1. Obtain the nm distance between the two label points defined at residue 337 and residue 401 by a simple spin-label model: each point lies 7 Å from its Cα along the Cα-to-C-beta direction.
2. Around residue 36, which amide H atoms from residues at least 5 apart in sequence, or from another chain, sit under 5 Å from its own amide H, with H modelled in the peptide plane?
3. Per residue of the chain, what 222 nm ellipticity follows from adding -39500 (n - 2.57) for every DSSP H run with n ≥ 4, rounded to the nearest 500?
4. Using Cα springs under 10 Å in a Gaussian network model of the chain, which residue among 95, 79, 385 shows the largest mean-square fluctuation?
5. Rounded, prolate or oblate: which one fits the range 362-418, using the alpha carbon gyration tensor with axes a ≥ b ≥ c (rounded when a/c is under 1.5, else prolate when a/b beats b/c, else oblate)?
6. Could you report the chain's accessible area per residue, 1.4 Å probe, as an integer in Å²?
7. Angle check, please: helix 75-93 long axis (alpha carbons) against the longest principal axis of the chain (alpha carbons), in degrees 0 to 90, nearest 10.
8. Placing +1 at every Lys and Arg Cβ and -1 at every Asp and Glu Cβ, with all other atoms neutral, what dipole size does the chain have around its Cα centre, in debye to the nearest 20?
Amino acid sequence: MWKFVILLSLGFFFELYDLLYSGYIAPGLVKSGILSTTTAGLFGMNGVATFIASLFAGLFLGTIGCGFLADRYGRRAIFTYSLLFYTAANLIMAFQVTAIGLNFWRFIAGLGVGVELVTIGTYISELVPKHIRGRAFACEQAVGFMAVPVVAFLSYLLVPRKPFGLDGWRWVVILGAHGALFVWFIRRALPESPRWLAQKGRLVEADRIISKLEEIAAKESGRPLSIPAATQPVTTGGTFYDLWKAPYGKRASMMIVFNICQTVGFYGFANWVPTLLVKQGITLTTSLLYSSIIAISAPIGPLIGLLIADRFERKSVIIAAAAAVLVCGLTFSQISSGLLLIAMGVGLTLANNIMSYSFHAYQTELFPTSIRSRAVGFVYSWSRFSAIFTSFVIAGILKSSGTTGVFAFIAAAMLIVIAVIGWLGPRTRNLALEEISR
């Protein structure tokens, strides 16, 4: 199981590299003259905010419109082809010289990343047993978020320079496209989800995979396997309308509100770290250095999750992490000392990433196999919808009210997260496990 989790996590690594390099290459895009720091009008094409929004527009359509693909064609196939799709789009984007071309191909890449995000979460939730599911998601996030210091450090080295006459930001994008070299190796080592095969009536294939896994487990443990638990009834088909049947409709509504607000805290900081530091009086080169140091802490939050993920109620962890984002963000906006800025940046990163692995596991546990991929895709897509407009809102607030205004906006979003999860969120640890495991 852990081998499969690691392989899927490697896919998540390249996905997060692609997702999070926007903020780190933004100063290079401005320096090259393709984009500007501010945006002319609400949806001006030449601003950094538009570049960020283009990605999230693609993510929104990819998650809300294509989440059904993994339910229809299988987790393994969509995991593979969505990664290849967005890698190709990124390579084309790396050689664009106009803002329109840059934004268009960033949007196309976002479509593939959106499908991949939903598929990986669904894949993991269906491969691993429920008693290690939280740790499995923490492992996925820990491996994936190692991309953050990698992209930050590469940006620090490359963005201010032009190696071989090519803008440094282009090299950052091209290096990330190497994920395609690993995708076929990862694909060959992964089985299809037995749950998905069974739900599609392909019982012989599902049984073949399970039998092989049982054989390996018995050989590794050196003893016979325990008797399987009593089976639970499994729905063999699902539609979008099933998402709104009790109790899933209430859960979907809750997660829509949550995802709209959580992305304000996560991407409101992650995509704007160098720019926020520059606004605090730090030079471009130094801001990229500080951003690299802050980024080193990105995998630490999920690593903490490997110790606590299955010991505490997920909704409680989400609430605590949102509160930490609120406190660290407001403190960040009031200081200018380099050491304290780094410390609060690390605090924000840790809290956001602990919340990230927690809610990714949480939302997959709220829906059954038959509608899991489309349900997670639908509710998660609202975080991407939110991020489209968040980019412009933060750009406007940064211009008029500085970092204080930006983090006041983030704090308000975190208060809503705390309220909606605390009030409406069901517990998923040790309660209704039979329902959740389906």
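The values are calculated or read from the model by the stated rules, or taken from the named source; none is laboratory data. Because the structure is a prediction, the values reported are computed rather than measured. Backbone-built Cβ (ideal geometry, glycine too); neighbour counts: all protein chains shown. We work out accessible area using only protein heavy atoms, side chains counted, and drop any ligands, DNA or RNA first. Shrake-Rupley method; radii C 1.70, N 1.55, O 1.52, S 1.80 Å.
1. 2.7 nm
2. For residue 36, whose amide H was placed from the backbone, the distant partners under 5 Å are 47, 48.
3. Numbers: 19 runs with 328 residues, N = 438.
Using -39500 (n - 2.57) per qualifying helix, the result is -25000 deg cm²/dmol.
4. In this elastic network of the chain, the residue with the biggest mean-square fluctuation among 95, 79, 385 is 95.
5. On the way: a/c = 6.41, a/b = 2.45, b/c = 2.62.
Since a/c reaches 1.5 but b/c is at least a/b, the shape of the range 362-418 is classed as oblate.
6. 40 Å²
7. Approximately 20 degrees, to the nearest ten.
8. Working: 35 positive and 19 negative charges, 38 e Å.
I would put it at about 180 debye.
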